[in-house]
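The values are calculated or read from the model by the stated rules, or taken from the named source; none is laboratory data. Because the structure is a prediction, the values reported are computed rather than measured. Cβ: placed from backbone, ideal geometry, glycine included. Neighbour counts: every protein chain shown.
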Amino acid sequence: MNSQNKSARDRLVLALDVNTLDEAKDLVYELKDYVGVFKVGLQLFTSVGPDIIKMIQGEGREIFFDGKFHDIPNTVAKASANLIKHGVTFFNIHTSGGSKMISTTVKLSKETAKSLGLPKPTILGVTILTSFGQRTLTEELLITKNIDEYVGKLAKLGKDSGLDGIIASATDVPKIRKECGDDFIILCPAIRPTWSVVNDQIRVVTPADSIKMGVDYLVVGRPITAASDRVSAAKLVLDEIEEALAEK
Ligand code: C5P
């Protein structure tokens, strides 16, 4: 999935961080004209199950399944194949599961999609969770390497093992582009338009700046979902992405 020709809407990933199918439906029905991809994470999936997938597919929208799989190669590969059987071909796994876990998953995912006549899957890697800093990495996991170098190393491991892209903060884009090239997809959370509140995010970037820095997909949650007028908020984000794309 090369993102270069994608529209602003196709690049906007809305985080469905809610607990119930009804809340998710409200968001999808209201925002589907402005959002290309809806992100389903563990919170929603463990509450609602595969019904959430059917609902979003029924509205003609793409799903990014944020399940961050991390287990032995056989388990991650088979869980990924099961996602694909549900028609979900855009999802993520942990790069720290290692090259065998990644390559086994990529191979079985491609085979499964092909056998079902589905598009080639787009599998992204998670490097270090943003809840980790240098201190916890070193003290708890005994990883003494500089955290930025470690993120770069894991991104490269993902690329070399067959992943299509990575989840990263916009500030990591130059390093990832250098390690992994221009075709490697970068999906970036912690997006905050200048008019929104930062909430609990730390290194935030505006939609325009993230596009200028080379991000392919922008994950936005609360700036849209918690806005008093969600449609207007989504339109503002889209306009900002469109303008930045036009200037590129
Ligand atoms: O509401 P907000 O825009 O902060 O939501 C961001 C979404 O991106 C959430 O679903 C969150 O779990 C996810 N995310 C993140 N930071 C990361 C990885 C994922 O905020 N490093």
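Looking at the range 179-194, which of the residues that are in a loop (DSSP other than H, G, I, E, B), in contact with a helix residue (DSSP H, G or I) (Cβ under 8 Å, 6 or more places away or on another chain) and at pLDDT 95 or above is farthest from the ligand (Cβ to nearest atom)? Give the steps one after another, and end with the answer.
Here is the first cut: in the range 179-194, the ones in a loop (DSSP other than H, G, I, E, B) are 181-184, 189-190, 192-194.
Retained after the next criterion (residues that are in contact with a helix residue (DSSP H, G or I) (Cβ under 8 Å, 6 or more places away or on another chain)): 181, 184, 190, 192-193.
Right, trim to at pLDDT 95 or above and you get 181, 184, 192-193.
Working: G181: 22, F184: 17, R192: 7, P193: 10 Å.
Among those that are in a loop (DSSP other than H, G, I, E, B), in contact with a helix residue (DSSP H, G or I) (Cβ under 8 Å, 6 or more places away or on another chain) and at pLDDT 95 or above, it is G181.
Looking at A208, A155, A190, which one is over 20 Å from I63 (Cα atoms) and out of contact with any Phe, Trp or Tyr (no Cβ under 8 Å at 6 or more places or on another chain)?
Residue meeting the stated conditions: A208.
Filter the range 154-171 down to the residues that are more than 14 Å from the ligand (Cβ to nearest atom) and among the aliphatic types (A, V, I, L, M), then identify the one that is surrounded by the fewest Cβ atoms within 10 Å (Cβ to Cβ).
Per the stated criteria, the residue is L157.
Scan the range 234-248 and report the pairs whose first residue is of a type in the set (K, R) and whose second residue is in a helix (DSSP H, G or I) and buried (at least 19 other Cβ atoms within 10 Å of the Cβ), with Cβ atoms within less than 8 Å and a gap of 6+ or a chain change.
K248/I211
May I ask you to list the residues in the range 196-216 that are more than 14 Å from the ligand (Cβ to nearest atom) and either part of a loop (DSSP other than H, G, I, E, B) or within 16 Å of A227 (Cβ to Cβ) (or both)?
G214, D216
Taking the criterion of being in contact with a strand residue (DSSP E or B) (Cβ under 8 Å, 6 or more places away or on another chain), among the basic types (K, R) and closer than 27 Å to D17 by Cα, would at least one residue in the range 226-234 satisfy it?
no
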